[in-house]
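Below you'll find the structure, written out as structure tokens, and then a few comments.
The values are calculated or read from the model by the stated rules, or taken from the named source; none is laboratory data. This structure is a prediction, so every number in the text was calculated from the model and none was measured. Cβ placement follows ideal geometry from the backbone for every residue including glycine, while neighbour counts extend to all protein chains displayed.
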Amino acid sequence: AAIEKGNFDHFMLKEIHEQPQTIRDSLRGRLLAEQGTITLSGLDKIENQLREANRIVIVACGTSWHAGLVGEYLIEELCRLNVEVEYASEYRYRNPIVSPKDVIIAISQSGETADTLVALENAKQQGATIFGIVNVVGSSIARISHAGAYTHAGPEIGVASTKAFTAQLAVLQLIALKLAEIRGTISRELFGVLLSELNEVPDKVQWILDNQVNHIQNIARQYKDARDFLYLGRGYNFPIALEGALKLKEISYIHAEGYPAAEMKHGPIALVDEMLPVVFVATKDAYHEKIVSNIQEIIARKGKVVAVVSEGDDTVTGLAETVMVVPRAHEIVAPLLAVIPLQLLAYYIGVERGLDVDKPRNLAKSVTVE
Ligand code: G6P
């Protein structure tokens, strides 16, 4: 049957609103919070390779590459295992060093991205183990992988990826937690805490959709004529800053740049003036004090600060021009929440500018040629 937009103006908006359900679908049957277990049959298949792996290499493009960056932080922190994240297009051509002890994690919504596919074929030939995190069942990347985990986000029609991204993050969370359990690098207690945190994500995403949409629409009206945007974040929220900037670029054609918040001093700060909206991904985490001082630095230069904050964060709320609120959560699952307001902001700015958000110019849903 043809996929319909239902009551939504665009597929992108529909897919944003589907996320409580699609994240639940990604976790279903895998995360059993009450029993305190994670089951991922794909990981079991390559358990020996994972035990012996020297490192994990994550290969992807676009939004999927941003999910990979979150995966790097997760796996390094929880599993104490070396992780590298590669753009498939670079990895495939630069004659990378691949060993049979490498586990390659491919991330792809479509499972058909040409650069990712060929990068994997090359690594497979050199003996690496390939694990696919793919949305489209039976796609080329799913087929050439030794094992994998489908994201179960359902068909994504909007060219700008939203629900496929959060499904990728959910699966990466499961992988990092399961692998930490296999490798014995996580305490029972933390494992239990993170399982229930992850289990609560769908309801928290629903809270954002129920409480922030109108407000974000107003923010979009206020900032729709900006020429540039800067997106800043630290730690787990750094890739979310990149993803927020990418969404805005794709949908609104406004130039946007994502940066690690501290790195802004090495360049982007030169752009800050009263015309520049700076979006901070500033949920409560170990970096919070640091990001507050980054916010102060932007305000001192008259930049307009828009911040994604955790509920009850009076400090950043007091400093910023406006805030988008997400429920409090452990920093490890926070990216799954923080990205939602940024998807909505990009969507509504695109709509305010009268653009075809489901089919942005020059972009393809799946890049199957080089
Ligand atoms: C295109 C799409 C993006 C996507 C990227 C990677 O650029 O427009 O939304 O993130 O390809 O696609 P994949 O299907 O491999 O995740």
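Here the stretch 211-221 is the region considered, the condition is being more than 21 Å from the chain's Cα centre (by Cα) and over 13 Å from V351 (Cα atoms), and the residue that is surrounded by the fewest Cβ atoms within 10 Å (Cβ to Cβ) is N214.
Return the only residue of A153, A241, A160, A176 being without any contact (Cβ under 8 Å) to a residue 60 or more places away in the chain, within 16 Å of the chain's Cα centre (by Cα) and surrounded by 24 or more Cβ atoms within 10 Å (Cβ to Cβ). Give the derivation first.
Details: A153 fails: without any contact (Cβ under 8 Å) to a residue 60 or more places away in the chain; A160 fails: without any contact (Cβ under 8 Å) to a residue 60 or more places away in the chain; A176 fails: without any contact (Cβ under 8 Å) to a residue 60 or more places away in the chain.
Of A153, A241, A160, A176, the one residue that is without any contact (Cβ under 8 Å) to a residue 60 or more places away in the chain, within 16 Å of the chain's Cα centre (by Cα) and surrounded by 24 or more Cβ atoms within 10 Å (Cβ to Cβ) is A241.
Residue count for the stretch 323-370, restricted to those that are of a type in the set (V, I, T) and touching a His at 6+ places or on another chain (Cβ under 8 Å): 2.
Considering only the stretch 131-141, state which residues are surrounded by 20 or more Cβ atoms within 10 Å (Cβ to Cβ) and either away from the ligand (no atom under 11 Å from the Cβ) or part of a loop (DSSP other than H, G, I, E, B) (or both).
Hits for the stretch 131-141 are F131, N135, V136, S139.
Look at the stretch 169-225 and say how many of its residues are among the polar types (S, T, N, Q) and within 30 Å of Y253 (Cβ to Cβ). Adding up the residues that qualify gives 6. Selection over the stretch 98-127 of residues that are surrounded by fewer than 17 Cβ atoms within 10 Å (Cβ to Cβ), within 15 Å of the ligand (Cβ to nearest atom) and either of a type in the set (A, V, I, L, M, F, W, C) or in contact (Cβ under 8 Å) with a residue 24 or more places away in the chain (or both) gives a count of 1.
Looking only at the stretch 43-78, count how many residues are of a type in the set (G, A, S), modelled with pLDDT under 95 and in a helix (DSSP H, G or I). Walk me through it before giving the result.
Step one: filter the stretch 43-78 for residues of a type in the set (G, A, S), giving 53, 60, 62, 64, 67-68, 71.
Then drop every residue that is not modelled with pLDDT under 95, which leaves 53.
With in a helix (DSSP H, G or I) added as a condition, the list becomes none.
Number satisfying all stated conditions: 0.
Listed by first and then second residue, the pairs linking a residue in the stretch 57-69 that is farther than 19 Å from R92 by Cβ to a residue that is basic (K, R), with Cβ atoms under 7 Å apart and 6 or more places separating them unless they lie on different chains, form an empty list.
If we keep just the residues of the stretch 29-81 that are at positive phi and out of contact with any helix residue (DSSP H, G or I) (no Cβ under 6 Å at 6 or more places or on another chain), which is surrounded by the fewest Cβ atoms within 10 Å (Cβ to Cβ)? Looking at residues that are at positive phi and out of contact with any helix residue (DSSP H, G or I) (no Cβ under 6 Å at 6 or more places or on another chain), I get G29.
In this structure, is D356 within 16 Å of the ligand (Cβ to nearest atom), within 25 Å of H215 (Cα to Cα) and either of a type in the set (D, E, K, R) or free of Cβ contacts under 8 Å to residues at least 40 places away in the same chain (or both)?
In short, yes.
In the stretch 328-352, the qualifying residues are those that are over 13 Å from Y223 (Cα atoms) and of a type in the set (V, I, T), and the one that is surrounded by the most Cβ atoms within 10 Å (Cβ to Cβ) is V339. Here Y347 meets the list (1) within 16 Å of the ligand (Cβ to nearest atom); (2) assigned to a loop (DSSP other than H, G, I, E, B) almost entirely, failing just condition (2). Just one residue in the set I216, I251, I186, I240 is under 22 Å from I75 (Cβ atoms), in a helix (DSSP H, G or I) and either touching a Leu at 6+ places or on another chain (Cβ under 7 Å) or not small (G, A, S) (or both); that residue is I240. Checked against (1) of a type in the set (D, E); (2) surrounded by 24 or more Cβ atoms within 10 Å (Cβ to Cβ); (3) not in a loop (DSSP other than H, G, I, E, B), E86 meets all criteria but (2). When the test is whether a residue is without any contact (Cβ under 8 Å) to a residue 60 or more places away in the chain, of a type outside the set (S, T, N, Q) and at negative phi, D203 does not pass it.
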